[in-house]
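Have a look at the structure below before the remarks.
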Amino acid sequence: MQTILIMFDPSEIKNADDGLYSEIARKVEEITENEVEDNGFDYIGTDDENARPMLGIWLQTEDAEKYYPAVVKLLKKNKFRGNDLSTFAEVLISENEEDYYDNCKKVFPSGEGNSEE
């Protein structure tokens, strides 16, 4: 399996709770007909001791390159509990399973293969 990672600063979220993250993952599963599946979420520390930890929503799929545009499109066209994640979230991909963000390639908002659908 390969990795699609949605990453953002959780302080940007209004009305945050664990259900929000599950809601995002369920919607991704729905629009991809379960070709992309929920693989959990966690906080991601940084080397900068003054920086807030980021939040990552891990998704798994057989082909991250093929399916990440659907994730980007979802973030651009939908608000989740009043949050427009397309304004502050990043989407990263990796050919490896459950890969750490440092090993992933950023594809949104800017990066190779950026989908502007």
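What to note about this one:
- Flag for GLU65 being of a type in the set (Asp, Glu), at pLDDT 95 or above and closer than 19 Å to PRO109 by Cβ: yes
- Given (1) buried (at least 17 other Cβ atoms within 10 Å of the Cβ); (2) at pLDDT 90 or above, number of the condition ASN78 does not satisfy: (1)
- Residue ID - farthest from GLU65 (Cα to Cα), chosen from residues in the stretch 1-46 that are hydroxyl-bearing (Ser, Thr, Tyr) and crowded, with 19+ Cβ neighbours inside 10 Å: TYR21
- Among the residues of the stretch 98-117, those that are modelled with pLDDT under 90 and among the charged types (D, E, K, R) comprise GLU98, ASP99, ASP102, GLU112, GLU116, GLU117.
- All conditions in (1) over 21 Å from PRO109 (Cβ atoms); (2) in a loop (DSSP other than H, G, I, E, B); (3) of a type outside the set (Gly, Ala, Ser) hold for ARG52, with the sole exception of (1).
- The lone exception for TYR43 - which of (1) of a type outside the set (A, V, I, L, M, F, W, C); (2) under 21 Å from ASN103 (Cα atoms); (3) part of a loop (DSSP other than H, G, I, E, B) it fails: (3)
The values are calculated or read from the model by the stated rules, or taken from the named source; none is laboratory data. Only a predicted model underlies this, so the values are computations on that prediction, with no experimental measurement involved. All Cβ positions, glycine included, derive from the backbone under ideal geometry; neighbour counts span all protein chains shown.
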